[in-house]
1. Name the chymotrypsin sites (Phe, Trp or Tyr not before Pro) in segment 1-106 that are in a loop by DSSP and that have at most 16 other C-beta atoms within 10 Å, would you?
2. How large a share of the accessible area of segment 1-141, in percent, is made up of carbon and sulfur atoms when the probe is 1.4 Å and the other protein chains stay in place?
3. Suppose each label sits 7 Å from its Cα in the direction of the beta carbon; what would the residue 127-residue 14 distance come out to in nanometres?
4. Roughly speaking, what is the stretch gain from residue 70 to residue 120, that is 0.36 nm per residue apart minus the C-alpha to C-alpha distance, in nm to one decimal?
5. What whole-number value in Å² describes the accessible area per residue of segment 1-68 for a 1.4 Å probe?
6. Quick one: what are the phi-derived ³J(HN,Hα) couplings along segment 89-96, Karplus 6.51/-1.76/1.60 with θ = phi - 60°, whole Hz, x for glycine and proline?
7. Can you list which of the trypsin sites (Lys or Arg not before Pro) found in segment 43-132 are DSSP loop residues with at most 13 other C-beta atoms within 10 Å?
Amino acid sequence: IAVNNGNLYYTGGNLGIGTTDPGEDLDIVKSGNADLRVKSTANGDDARIFINRVNENGRAYLKFEDENNSYNWFTGLLRSSGNLYAIGTGDDFGTNTHVVVNSSGNVGIGNTAPPAKLTVEGSISASNFIYATNRVLVNDDIALLHDGTSTLKVGFDSQINTINYGKD
């Protein structure tokens, strides 16, 4: 079936806009910008897109692809990801998964099961200060603590030593 001067095609259960051979359920092909708009015109109403999966064996994600250079990025619920939102270059969870957010809001960078609010596997680089409001721990053995006074406490193997600094 061709409609609207040959711009809309329904073939084999697929709907094509701008293509006579749609390869997906809905396939939009255009030589210029190919845009998709979802718009609500009523005050207070939403414009939404739902991407659902039946269980964790499936996927519910967006894929960003540069076909000419084979670049692929995926974001969403990947296969076997459970309740983790993932960003990566593979569409199966754990395969080139770079960032995850779990249902507690914990973020993992290079870690797919972050136990803390931010878990990073590998080095961290900062061009300025990194702030901590209470303490900094290194391997749970070395602790730097500041109690709000002119005292810096340094602990090692559960023994804490005090270093005074500032003006006398």
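The values are calculated or read from the model by the stated rules, or taken from the named source; none is laboratory data. What you are looking at is a predicted structure, and each value in this text was computed from that prediction instead of being measured. We place every Cβ from the backbone using ideal geometry, glycine too, and count neighbours over all the protein chains shown. To get the accessible areas, we keep the full protein, side chains included, count just its heavy atoms, and leave off ligands, DNA and RNA. Shrake-Rupley method; radii C 1.70, N 1.55, O 1.52, S 1.80 Å.
1. 50
2. Roughly 47 percent of what the probe reaches on segment 1-141 is carbon or sulfur.
3. 4.5
4. 15.3 nm
5. Computed with neighbouring chains in place, this is 87 Å² per residue.
6. Values per residue, Gly and Pro as x: 9, x, 9, 9, 4, x, 9, 6 Hz.
7. On the way: sites: 48, 53, 59, 63, 79, 117; in loops: 48, 53, 59, 117.
Within segment 43-132, the qualifying trypsin sites (Lys or Arg not before Pro) (loop, at most 13 other Cβ atoms within 10 Å) are 48, 117.
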